[in-house]
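Here's the structure, in structure tokens; my notes come after.
Taken together, the values in this text are just the output of simple stated rules run on the coordinates, not laboratory data. Keep in mind that this is a model prediction, so the values were computed, not measured. Cβ: placed from backbone, ideal geometry, glycine included. Neighbour counts: every protein chain shown.
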Amino acid sequence: MNKRIFRYMVFLIIFTVLFFALLWGTVFSVQLGPQIKNELKTLRVSLIDESGNVVFDNMANPSDLENHSNRKEIEDAIKYGEGESERLSGTLGEKTYYYAVQLESGNILRLALTTNRIEGLIYKFVLVVFICLFLSGSVASVIARRLTKKMIAPINNIDLDRPELGDYDELSPLIKKIESQKEEISKQLLEIESRTATTLVITENMKEGLLLLDKNGTVLMANESVLGILNKSEVIWKNVVEVYRESNFLKQMKECLAGKKTESVLHVNKHTYSVLYNPVFEDDIIKGAIVLFIDITGRYAVESQRKEFSANVSHELKTPLTTIAALSEMIMDGTVREEDIKTFANKIYLQSKRVISIIEDIIRLSEFDEGNVVKDFIDFNLYELADSVIMNLSEKLSEKNVEIELNGDPNLRMTGNMHMVDELLYNLLDNSIKYNRDPGKIIINLSEQNEYVKIDVSDTGIGISKEHIGRIFERFYRVDKSRSKKTGGNGLGLSIVKHVVGFHDGYIKVESEIGEGTTFSCFLKKNISK
Ligand code: ADP
């Protein structure tokens, strides 16, 4: 490379000098040569004798000219052999230079040239030199630019994968360094790629939502789950404020980005998430945050059901127990007359029965919950069972003036838990009496449908509106609390029915018209495996 640069430099210098010389020579011969010749034509030559008389003048008639003996240049020429002087010409303000020399003949030869001519000549001369210099410089700079490009081109065109250095051996250490760095970079890239792929596989397969934020709250990473949870298609490089505008979430996020590890519960699209906000530190300086969304919908629902259930149990038991306590206290205090004690005792008995019935139902439901129910499947006659339930409820039927009709094959049999099916029929019929009109009617239809036995209980009662039908199987749910309490209901009957049906691999349908009546249709597996 050195040699090449040197060659170019020498070439450029020689070229510039030659070009300048050629240019100058041409301009001089074409322009200045004739000019100087012309200028010489305007040179005034005079010959003067020793007495100062003009003998010859190339520009004037000597007889018209005055005696020159008192002119300084003439005086000096006579005295010293040569003399010179300069004088301003009166009219044009021009200055004339005189040079006189005494010839051997004694005569004096005088040359005269006016200033503007000399200076003009010098000016032209210098100007031409500068123009030539400028032109040479311009041409040289164009050539220099081309040469530089030519010199740099091979460096720019070096293929770093297969370098051919040519004249540029000096670049060899640099190329080697670049090559080793390239290798290092591709190794690191491979490692990063494999790590990214692993992280991606892990995060994308995570059920939990994952958000990675920088310290300003800009989202750096978000997995598929979190996009689903937040219902967004793209969140990368967006600020968390734009991503999810929920006040509590943003408040926790702010605290987290201030360095505090927090937790919150978020309800989105009928799901409940436990959100964990973890600040990320490096050398005690906050660098960002990792936010994890864990779906706790099931756990949360069970937990809230459990809380609601215990609150309901306490509430349901409190009323009859308070009544029992108050009545017994009055008897103990002797404030109750002898003849009223029986009535009081009866009230205490009824309230105690209510407490026992609630407790029994709760125990039954918790047995279902824990799967502690003994299967105890036997073959029995469903028609006869329904008939016996009707018998047990005959008193209530006549009290409420409700007529009942049982239809179906008297030999209809099924295999299942007879005690549970008894309870199912009892609860359905009990409700049909309680929520019936006075007088009213109940029709029971027993039939077979494929692998199921179908139990239809229809009444002519008050009916259930659509919005309540979906909830009547929930524990302690009652459409009309006061009416249900008056009729001795505890809101657990249909929950038990639902469990019994489920226990026999079946399902329930409810059809109801307000003011017209309700039909419960229970489908139970006819021959559930023992
Ligand atoms: P309850 O002990 O209150 O009767 P259930 O669980 O048996 O509790 O029933 C839940 C609610 O469903 C009742 O409170 C009542 O409002 C409604 N219900 C149940 N059966 C009938 C029916 N045959 N007619 C009208 N409403 C009914």
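For the stretch 331-336, the Karplus equation 6.51 cos²θ - 1.76 cosθ + 1.60, evaluated at θ = phi - 60°, returns couplings of 5, 4, 5, x, 7, 9 Hz by residue, with Gly and Pro reported as x.
Note on residue 349/residue 187: beta-carbon distance plugged into 1/(1 + (r/R0)^6) with R0 of 60 Å gives a FRET efficiency of 0.10. Spin-label model, residue 142/residue 195: points 7 Å from Cα along the beta carbon direction are separated by 5.7 nm. Size of the chain: Rg and Dmax of its alpha carbons, in Å, are 61.4, 190. In this simple spin-label model, placing a label point 7 Å from the Cα along the Cα-to-Cβ direction at both residue 373 and residue 14 gives a separation of 11.2 nm. Taken one residue at a time, the phi angles of the stretch 256-266 give Karplus couplings (6.51, -1.76, 1.60, θ = phi - 60°) of 4, 6, 8, x, 9, 7, 10, 8, 8, 10, 10 Hz. Gly and Pro are set to x.
A crude spin-label estimate for the pair residue 338 and residue 79, with each label 7 Å from Cα along the Cβ direction, gives 18.4 nm.
Between residue 129 and residue 107, what FRET efficiency comes out of the Förster formula 1/(1 + (r/R0)^6) with R0 = 45 Å and r the beta carbon distance, rounded to 0.05? My answer for the efficiency is 0.70. Geometric descriptor of the stretch 282-427, per residue, is 264 Å³ (volume of the convex hull of the Cα atoms). Charge dipole of the stretch 295-429 (Cα centre as origin; +1 on each Lys and Arg Cβ, -1 on each Asp and Glu Cβ, all else neutral): 400 debye, rounded to the nearest 20.
Under Stokes-Einstein, with the Kirkwood radius over Cα pairs standing in for Rh, what whole-number D in µm²/s applies to the stretch 259-346 at 4 °C and 1.567 mPa s? After rounding, the answer is 71 µm²/s. Across every pair of non-identical alpha carbons in the stretch 446-530, the mean reciprocal distance, once inverted, gives a Kirkwood radius of 13.8 Å. Pairs of Lys residues in the stretch 414-494 are counted when their Cα atoms are under 18 angstrom apart and they lie 8 or more places apart or on different chains; the count is 4. Rounded to the nearest Hz, the phi-derived 3J(HN,Hα) couplings of the stretch 394-410 under the Karplus curve 6.51 cos²θ - 1.76 cosθ + 1.60 (θ = phi - 60°) are 4, 4, 5, 4, 6, 4, 8, 6, 10, 8, 10, 10, 10, 10, x, 6, x, where x marks glycine and proline.
Using the Cβ-Cβ distance between residue 405 and residue 513 with R0 set to 22 Å, the FRET efficiency works out to roughly 0.70.
Reachable aspartates and glutamates from residue 207, Cα under 14 Å, same-chain residues fewer than 8 places away excluded? The reachable aspartates and glutamates, counting only those whose Cα sits under 14 Å from residue 207, are 224, 295.
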